[in-house]
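Student: Handing you a structure now.
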């Protein structure tokens with residue numbers, strides 16, 4: 001089975017551009033490289049519930065789905081983008097759309113300033129009920145790490161493409177309304193000991209938690225989902 005790596009950040013986060021000055025957190029820089037030793041952890045870790053349930057996106061799927069999958073991701077992350085295109089579609093088709101799994105996304109903005117801006121833009125889209133549409137728009141327009149594709153100009157263009165008024169989007173971005181949520185999510189990731197993206201936590205109806213490290217193939221997720229549905 002081929003296992004994909006993830007993007008790794010050193011330090012909690014980095015400073016955003018001007019409107020995100022309040023997000024500045026001390027950090028020594030970032031290493032964006034594959035972790036070739038990533039693997040599935042079927043360890044049913046005991047984890048403080050709030051670290052997975054607070055500072056999240058809206059749910060994708062049925063709120064009554066027996067399994068919850070939490071992704072910690074960065075919109076600039078190469079491996080997060082790879083997961084979105086190669087694995088997530090099958091999870092959505094076979095598990096989310098059938099009411100078995102619900103997805104939530106948590107920000108772990110470790111790559112660069114545009115990571116923070118993109119995360120904030122997605123939460124602004126959430127105000128109009130467009131979080132997941134915007135989330136998809138970001139990954140569908142991904143063009144590398146720290147290449148400028150998630151510039152303020154492009155983020156606004158993405159908003160208009162999902163039918164969010166430019167005036168509403170600009171006010172939300174300027175107000176930096178969701179910086180505390182992003183900071184909280186990054187803090188949650190750090191408390192959990194995460195060092196890269198993507199990482200996943202799969203929670204069963206019995207509250208058992210299984211962690212998956214890295215953008216692993218669909219079969220890894222499928223195996224865990226099937227196991228948790230049997231318990």
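Student: Looking at (1) crowded, with 19+ Cβ neighbours inside 10 Å; (2) touching a helix residue (DSSP H, G or I) at 6+ places or on another chain (Cβ under 7 Å); (3) in contact (Cβ under 8 Å) with a residue 60 or more places away in the chain; (4) not in a loop (DSSP other than H, G, I, E, B), which is the one condition that is false for residue 57?
Tutor: (4)
Student: Right, something else. Tally time: how many residues in segment 158-188 are in contact (Cβ under 8 Å) with a residue 12 or more places away in the chain and closer than 11 Å to residue 55 by Cα?
Tutor: Residues meeting the conditions: 10.
Student: Looking at the structure I just gave you, is residue 18 touching a helix residue (DSSP H, G or I) at 6+ places or on another chain (Cβ under 8 Å), modelled with pLDDT under 50 and under 21 Å from residue 147 (Cβ atoms)?
Tutor: No, not satisfied.
Student: Which condition breaks for residue 69 when tested against (1) in a loop (DSSP other than H, G, I, E, B); (2) touching a strand residue (DSSP E or B) at 6+ places or on another chain (Cβ under 9 Å); (3) modelled with pLDDT of 50 or more?
Tutor: Of everything listed in (1) in a loop (DSSP other than H, G, I, E, B); (2) touching a strand residue (DSSP E or B) at 6+ places or on another chain (Cβ under 9 Å); (3) modelled with pLDDT of 50 or more, residue 69 misses just condition (1).
Rundown of residues vs (1) at pLDDT 95 or above; (2) touching a helix residue (DSSP H, G or I) at 6+ places or on another chain (Cβ under 7 Å); (3) not in a loop (DSSP other than H, G, I, E, B), yes/no style:
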residue	(1), (2), (3)
186	yes, no, yes
193	yes, no, no
205	no, no, no
215	yes, yes, no
229	yes, no, yes
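Student: Then there is this: Take residue 110 and decide whether it is at pLDDT 95 or above, touching a strand residue (DSSP E or B) at 6+ places or on another chain (Cβ under 8 Å) and in a loop (DSSP other than H, G, I, E, B).
Tutor: Answer is yes for this residue.
Student: Go through 150, 159, 119 for me and flag whichever is assigned to a loop (DSSP other than H, G, I, E, B) and crowded, with 24+ Cβ neighbours inside 10 Å.
Tutor: 150
The values are calculated or read from the model by the stated rules, or taken from the named source; none is laboratory data. What you see is a predicted model; the values in this text were computed from it and never measured. As a convention, Cβ positions derive from the backbone with ideal geometry for all residues, glycine included, and neighbour counts pool all protein chains shown.
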